[in-house]
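A.B. asks: This is the structure I have questions about; it appears just below.
Only the coordinates and a few stated rules stand behind these numbers; no lab work does. None of the values given here were measured: they were computed from a predicted structure. All Cβ positions, glycine included, derive from the backbone under ideal geometry; neighbour counts span all protein chains shown.
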Amino acid sequence: MSVAHRVLVVGAGGLGSPLLRLLAVAGGSGVEHITLVDDDVVDESNLHRQTLYSTDDVGRSKIERAASVLHELSPGLSVRSVDGRFVPGTAMDLLSDHTLVVEGADNLATKFLVADAAHLAAVPVVQAGAVRWAGWAFCALPDSACLRCLFEDIPRDGIETCAEAGVVGPVVGVLGGLEAALVFRLLQGERPGGELWHYDALAGALRKTFVRRRSDCPLCAGEIQDLRVERYTAACAA
Ligand SMILES: [Zn+2]
């Protein structure tokens with residue numbers, strides 16, 4: 001018997017566009033509901049990588065437009081649109097009742113917040129990030145390595161954001177597709193926790209490695225037990 005899955009998607013941009021299309025049209029995957037969180041509007045300068053949108057959508061709310069595209073693709077799919085940022089105050093409420101969370105945010109603070117919230121809620125999470133010609137996708141389960149095992153913490157010295165450095169459209173297309181593949185594997189009962197996929201379009205390389213838990217990871221060791229705001233205020237991105 002198929003199980004009805006509810007998927008929380010944080011970010012409806014470059015990573016979210018291919019991911020959402022693939023989730024919506026995968027009839028046999030069991031995805032019955034998608035909750036979509038984003039606070040942005042469609043910008044002409046992002047259309048090369050945000051393939052859910054067209055020039056007619058410029059200036060419109062991304063989640064409003066994304067929800068209507070998803071309904072066109074899959075009329076039976078239940079979609080809830082949350083027009084706002086994924087923030088500590090509402091993160092745990094948004095996560096409840098979801099099978100898993102997929103993150104395609106454009107900043108590292110949100111990536112760490114999603115990682116922490118998913119771990120505290122014991123919900124599987126799939127995450128990705130990209131700059132220029134390369135990027136990564138990662139899956140964490142409650143008992144596997146987490147994003148903090150991989151990156152430790154939000155860098156305090158500013159690093160380039162995707163908006164500053166730019167990212168090539170096909171790169172986020174590949175990474176959004178890799179996120180969808182990890183989601184479908186989770187929904188089929190596989191446990192790809194700790195898998196890190198790295199894609200470099202210039203080197204022509206797609207590589208999978210396995211991240212192990214760090215013994216000093218504050219999230220896995222249980223030191224982080226809440227989502228206090230100051231932990232997520234560094235202005236950085238991926
Ligand atoms: Zn960890």
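A.B. asks: Using Cβ contacts closer than 10 Å as the measure, can you line up Trp197, Trp133 from fewest to most?
C.D. replies: Trp133, Trp197
A.B. asks: Within a Cβ distance under 10 Å of Leu8, other residues only, what is the Lys/Arg minus Asp/Glu net charge?
C.D. replies: My count for the surroundings of Leu8 gives 0.
A.B. asks: Now, a different point. So for the stretch 1-159, averaging the separation of alpha carbon pairs under 8 Å that are six or more residues apart and normalising by length, what relative contact order in percent results?
C.D. replies: 23
A.B. asks: Quick one: Ile34, Ile224, fewest Cβ neighbours within 10 Å first, how do they rank?
C.D. replies: Ascending number of Cβ neighbours within 10 Å: Ile224, Ile34.
A.B. asks: Go ahead and run the numbers for FRET between Arg191 and Ser45, Cβ-Cβ distance against an R0 of 41 Å, rounding to 0.05.
C.D. replies: Step by step, r from the Cβ atoms, then E = 0.55.
A.B. asks: Using the Cα atoms of the chain, I'd like the radius of gyration and the largest Cα-Cα distance, Dmax, both in angstrom.
C.D. replies: 16.5, 50
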